[in-house]
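Q: Quick one: structure below, then a few questions.
The values are calculated or read from the model by the stated rules, or taken from the named source; none is laboratory data. As the structure is a prediction and not an experimental result, all values here were calculated from the model. FYI the Cβ positions are ideal-geometry reconstructions off the backbone, even for glycines, and counts take in every protein chain you see. All accessible areas refer to the heavy atoms of the entire protein, side chains included, with ligands and DNA or RNA removed. Shrake-Rupley method; radii C 1.70, N 1.55, O 1.52, S 1.80 Å.
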Amino acid sequence: MRLVPRLAAALSGLALTLGGVVAVAPAAHATPQACFYHVLAQHPGADPEVVERACLIGAEGTPEAVRACYVELRQDYVPAVVAFEACRRAGQEQRPATDHGSP
């Protein structure tokens, strides 16, 4: 009988641990999705289609792509600071979630 509570506790701990890893993993790197959600969180009135298009443009990561992303968002009246940060996030290199800085 004592095995069941131990097993339940172990499984609960494992679920919490895995849930924490999943919750932290998206924050480990920036993507066009991070750009998209940043804009909509900071400026809910933005047109989602315009934001998606701009973030995909900015995902290339070149200075020209980030600038084009910024211009696209500003044309939709997204505040400058929000547009800049979002386009910067879209252009950052995506790293695997399992990368923990090993050489």
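Q: For residues that are farther than 17 Å from Gln42 by Cβ and either in contact (Cβ under 8 Å) with a residue 60 or more places away in the chain or touching a helix residue (DSSP H, G or I) at 6+ places or on another chain (Cβ under 6 Å) (or both), tally how many sit in segment 59-88.
A: Adding up the residues that qualify gives 5.
Q: So, of the residues in segment 71-103 that are polar (S, T, N, Q) and open to solvent by 100 Å² or more (accessible area, probe 1.4 Å), which turns out to be modelled with the highest pLDDT? I'd like the intermediate steps shown before the answer.
A: The initial filter retains those residues of segment 71-103 that are polar (S, T, N, Q), namely 75, 92, 94, 98, 102.
Now restrict to residues that are open to solvent by 100 Å² or more (accessible area, probe 1.4 Å): 75, 94, 98.
Details: Gln75: 97, Gln94: 55, Thr98: 51.
Per the stated criteria, the residue is Gln75.
Q: Still on this structure: Are any residues in segment 42-61 farther than 15 Å from Cys87 by Cβ and in a helix (DSSP H, G or I), and if so, which ones?
A: In the first step, residues of segment 42-61 are kept if they are farther than 15 Å from Cys87 by Cβ; the result is 44-45, 47-49.
Within segment 42-61, Pro48, Glu49 meet the criteria.
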